[in-house]
1. Checking residue 72 against (1) touching a helix residue (DSSP H, G or I) at 6+ places or on another chain (Cβ under 7 Å); (2) without any contact (Cβ under 8 Å) to a residue 24 or more places away in the chain, which test does it fail?
2. What are the residues in the stretch 85-109 that are in contact with a strand residue (DSSP E or B) (Cβ under 6 Å, 6 or more places away or on another chain) and over 18 Å from residue 139 (Cα atoms), if any?
3. Can you give me the number of residues within the stretch 112-121 that are surrounded by 17 or more Cβ atoms within 10 Å (Cβ to Cβ) and in contact (Cβ under 8 Å) with a residue 24 or more places away in the chain?
4. With the checklist (1) in contact with a strand residue (DSSP E or B) (Cβ under 8 Å, 6 or more places away or on another chain); (2) part of a loop (DSSP other than H, G, I, E, B) in hand, flag the one item residue 70 doesn't pass.
5. Quick one: is residue 118 more than 16 Å from the chain's Cα centre (by Cα) and over 20 Å from residue 27 (Cβ atoms)?
6. Could you tell me whether residue 77 is farther than 16 Å from residue 125 by Cβ and part of a loop (DSSP other than H, G, I, E, B)?
7. Condition check: basic (Lys, Arg), exposed (fewer than 15 other Cβ atoms within 10 Å of the Cβ) and under 18 Å from residue 18 (Cα atoms). Does residue 136 satisfy that?
8. Consider residue 84 against the criteria (1) surrounded by 15 or more Cβ atoms within 10 Å (Cβ to Cβ); (2) among the β-branched types (Val, Ile, Thr); (3) modelled with pLDDT of 95 or more: it satisfies all of them except one. Which criterion is unmet?
Amino acid sequence: MIDPTTNMLNVRQGEFRVSRNADDQFFCILGSCIATVLYDPVERVGGMNHFLLPGHDPCATGEVKYGAHAMEQLVNALLRAGAVKRRLEARLFGGAKVVNTGTPIGANNAQFAQDFVRQEGFKLKENNVGGSHGRRLVCGI
């Protein structure tokens, strides 16, 4: 059961949020999408993004629905809030195969997120991706 004093921060597709309030809980519904939670344990600031597609936007519109822009936006917002990049810890969620299509969008999303975390040197604390069912995620920083 969720504590009624908890502040729920809904993170919809194509959005990100940042908080330093320990009572805040990030919430989202995931299918093939990925939610990335990044946290600086010293500054006690964290955030979550929720992206739909891996990589960069081919039309260069800068939409957060693409992984590269979503990750950039979240990292930059955390740095502005006082986080230090080398201390960021990552948790990844989602990337399920919920629809039988020829394109493995969920797996591609998960691979993109894992590669991004590794390339940026973030410590991967949790990697809950894949499967065939969506997820309802409630996650504190």
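1. (1)
2. The initial filter retains those residues of the stretch 85-109 that are in contact with a strand residue (DSSP E or B) (Cβ under 6 Å, 6 or more places away or on another chain), namely 87-95, 109.
The answer is 87, 109.
3. 4
4. (2)
5. Details: more than 16 Å from the chain's Cα centre (by Cα): no; over 20 Å from residue 27 (Cβ atoms): yes.
Judged against the criteria, residue 118 is not a match.
6. Values: farther than 16 Å from residue 125 by Cβ: yes; part of a loop (DSSP other than H, G, I, E, B): no.
No; evaluated as a whole, the condition is false for this residue.
7. Considered against the rule, which asks whether it is basic (Lys, Arg), exposed (fewer than 15 other Cβ atoms within 10 Å of the Cβ) and under 18 Å from residue 18 (Cα atoms), residue 136 comes out as no.
8. Only one criterion is unmet by residue 84, namely (1).
The values are calculated or read from the model by the stated rules, or taken from the named source; none is laboratory data. Since the model is a prediction, treat every value here as computed from it, not as a measurement. Methodologically, a virtual Cβ is constructed for each residue, glycine included, from the backbone with ideal geometry; neighbour enumeration extends over all protein chains shown.
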